[in-house]
Every structure is written in C-alpha cells, then in structure tokens.
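The values are calculated or read from the model by the stated rules, or taken from the named source; none is laboratory data. No experiment lies behind these values; they were computed from the predicted model shown. Because the Cβ atoms are built from the backbone with ideal geometry, glycine has one as well, and the counts that use them run over all protein chains shown. Accessible surface areas use protein heavy atoms only, side chains included; no ligands, DNA or RNA. Shrake-Rupley method; radii C 1.70, N 1.55, O 1.52, S 1.80 Å.
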Amino acid sequence: MLRAGCRAALPRRPPGSAPRSGAGGAGAGEEGLKQTPLDALHRARGGRMVPFAGWTLPLHYGQGHLQSHLHTRRHCSLFDVSHMLQTLVYGRDRIRFMESLVVGDIAELKPGQGTLTLLTNEKGGIMDDLIVTNTSEDHLYVVSNAACADKDLAILRDRAAQLQATGSDVHLEVSDNALLALQGPSMARVLQAGLSDDLAKLSFMNSITTTVFGVPGCRVTRCGYTGEDGVEISVPAARAVELAEQLLGVPDVWLAGLAARDSLRLEAGLCLYGNDIDETVTPAEAGLMWTLGKRRRVAMDFPGAAVIMAQVKEKPRRRRVGLTSVGPAIRPHMAILGPEGRPVGTVTSGCPSPCLGKNIAMGYVEAAHSRAGTELTVEVRKKQHPAVITKMPFVPTQYYMAK
C-alpha cells in the first residue's frame, strides 16, 4: 500500500486526537492510548513501546531496527497492525457507495480480489489510501490508516446515511478483529504449514477466509507494506495472541516494529500517509494515477475528478520522486535545491537504507527536475550534499502472482 499500517510519521509524543473505539478488541493504556490485543505479548518479548496514532505500539525489539529490517528481507517477520481500521460494507448498493468516495474501479473486482485505492476530496486531494477487497461473502472489506480512522469512518458513515435517505441498501460494520502482517520470503513456507488452502493459488491482492493454525474465521490477504511477499491476517481478537505465538514458534519468524516497517516501506517506494501524501497532494502529483480505473477516468464520477484529470492533461507542476545520496542521512522537511542553489522541492520521507548502504528518500520537486538521474542537492544542517533523482522502488519488490 503504499500500504496502510505505519503511515504517519513515527511520533515522539501522543497525538492529540482520540482513536476510534473498539478497534482490534483494544483496551486503554497509559495516557489514554489504545492497546492492541497483542500489547502484553509485545512487552513480554522486549518491545520498546511508543505512542503512534493514538495507540501504543512496538518501535523495535531487543535485536534492534537494523537486524529486524534485514531479517524481514531474508526470512520473515510478524508485525502487529491491529491499530488499522477494518470496515465491512454490506448491501446491494455497496459498490456504488464505495465508488462515490474513491477513484478505483471497485465494480471490476472479482470475488476475493482487492485493490489499493484513494479516498479523494473535491479539490483532488488524497484523504487517505485504502485497500478495498470484494469478498466472496457478499461484502466489501476496507482497511484504512490508523491515523485517518476517525476521519475515514465519519466520511463513510455520512455517505452511507445520505444514500440510505434516498432508499439505497448499504450499511457498515466496524470489525473488532486484530490484524497481523507476516512479511518476507519465507512467509509462504511458514504459513502453509497452518493452512489447508494452497497458498500457491493466492496471488498478490487476493483474499480468502480460512482457518489458520487452528483459528477459524481468519481473512488472509496476500499484501503488505514491505515490498516482500506477505500476508495480512484479520483474526478474531480473542485468539490473536494464540495465532501470533503459533507463528513465533517458527524460528524463521521474528517480531518487528514500527521502525523496521517504515524503512522497509521506504525501500519499496511506498507512501506514508501524512508524510508523502495528504489532502494537499493529488494522485497526479503523487504518481498514483495507476489507482484510477479506466472506466472511472472516462466517467469522471469520483470526488475531485475535474481537478485531477485537468492535471493529467496539463501535467502537474510538481512530482513525487525518489532520491539517493551518501553522507548525512536525509530526513523529512529538508530542502531540495536545484543546480543554482534555489529550492525546488522538499523531502517527505528519508532514512539510511539497511539493504543498500546509502541514504534513500522521497519528496516532491518541480516537474522540470523530476527526471531520473537529475543531480540536485539536499540541505542537511545548513550544508548542501549531493543527491540524485532515483527510480523507485529502491529495492525490487517481490509480490507474488500465481501461475
């Protein structure tokens, strides 16, 4: 996603806004923060807990960020993403409801198939990025960012009420399930041992409901936020610890936290909501026009369609780009400078890449400076350091497609 989960900057203090209630069977923790069903497990296994989007979540564990990141790339890791909003949309008008809010072609999704899509406003800005799955059980399964949960849920409920008032059949249910992400090249081997279904038949962005290591009623979706082959498992909250411990009983599986999730997604070129995309950024500027269904482009029946399609025709003035450099790490909000030393953009995400051994970053620059290979500079602590526009992903993705 681009993927939901760790999609707001890693916080140093609790956010001011309250999270949604009842998510993931959550309980209240210190300073009023929500706790996922795995909170005690994280603490018992050495998780360094930090506030994040109204929740308390593990930043990293005893092995540290670097080793956790590399272990995910080489083996597999288990992430707790139960803070994300999971919504079920029912009713015969559920497709029309969803397409009135997002840019994707939800009607074309086959049973069990999902897609990344964007919730947009009338100005073409990105309100959130979501994964919408057309389940085989006659409802849509929607996963939203935790940092946008209250906002998204209000939008969904308001729109549902509007349609219901005109006689449409649509209603929402917020899931209390926990959400676990198992990510990495050995994921399929680890998970297959606990499934009767054949994972080899499950392609990227497809989903099934099944029993996982003896826990029934789990939704397994082949997706993730690391660039690796992976799944997200929506599991009844009361049995989330049981499932996590089953997975962690395999030596290949380590727990991983927010720090590794952030560096993994950046290597994969995936956006972080609130940093790389927000309500001031359009899909055209963000390089996310691939999320717009062809039918939707023609119909122009999604919020902000006139603004977005005009940008496509006229070309956006700024573009999201990747950057690489050596020397001091590139961090968000740093200025990107052109050949004459004039500011031409801003960094939105950045970190040293554990896999590449150099700095990687994402940001927006004026379109004239957005071509891959363009040499620019980034201002780090009032000094200019060379940087090069680089195609993303920085590390090749390993998404699985069934043969």
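Give the peptides 246-252, 328-334 in descending order of average Cβ contacts within 10 Å, highest first.
Answer by packing, highest mean first, reads 328-334, 246-252.
Semi-axes of the equivalent ellipsoid for the chain, please: Cα gyration tensor eigenvalues, times 5, square-rooted, ordered largest first, whole Å.
The answer is 31, 28, 20 Å, longest axis first.
Determine the alpha carbon to alpha carbon distance for each of 151/315; 151/358; 313/391; 151/382; 315/391; 313/358 and list only those over 27 Å.
151/315; 151/358; 151/382; 313/358
What is the packing order of peptides 196-204, 301-309, taking the mean over residues of other C-beta atoms within 10 Å and listing the highest first?
Per-residue mean Cβ counts within 10 Å order the peptides as 301-309, 196-204.
With a Förster radius of 22 Å, plug the Cβ-Cβ distance of residue 402 and residue 290 into 1/(1 + (r/R0)^6) and report the FRET value to the nearest 0.05.
0.55
Assuming 0.36 nm per residue, please report the length gained on full extension of the stretch residue 157 to residue 200 beyond their Cα-Cα distance.
11.8 nm is the gain from fully extending residue 157 to residue 200.
Could you state the accessible area per residue of the chain in Å², with a 1.4 Å probe and every protein chain left in place?
41 Å²
Mean residue ellipticity at 222 nm from the helices of the chain, using -39,500 (n - 2.57) per DSSP H segment of n ≥ 4 over the full residue count, to the nearest 500 deg cm²/dmol?
-6000 deg cm²/dmol
Using alpha carbon centroids, what distance separates region 195-211 and region 99-116, in Å?
So the two Cα centres are separated by 19 Å.
Can you work out the Karplus-derived ³J(HN,Hα) for every residue in region 335-351? Use 6.51 cos²θ - 1.76 cosθ + 1.60 with θ = phi - 60°, whole Hz, and x for glycine or proline.
For region 335-351, the Karplus-derived couplings read 7, 9, 10, x, x, 8, x, 8, x, 10, x, 9, 6, 10, 8, x, 6 Hz, x marking Gly and Pro.
Between region 340-393 and region 136-179, how far is it from one alpha carbon centroid to the other, in angstrom?
A separation of 38 Å, based on Cα centres.
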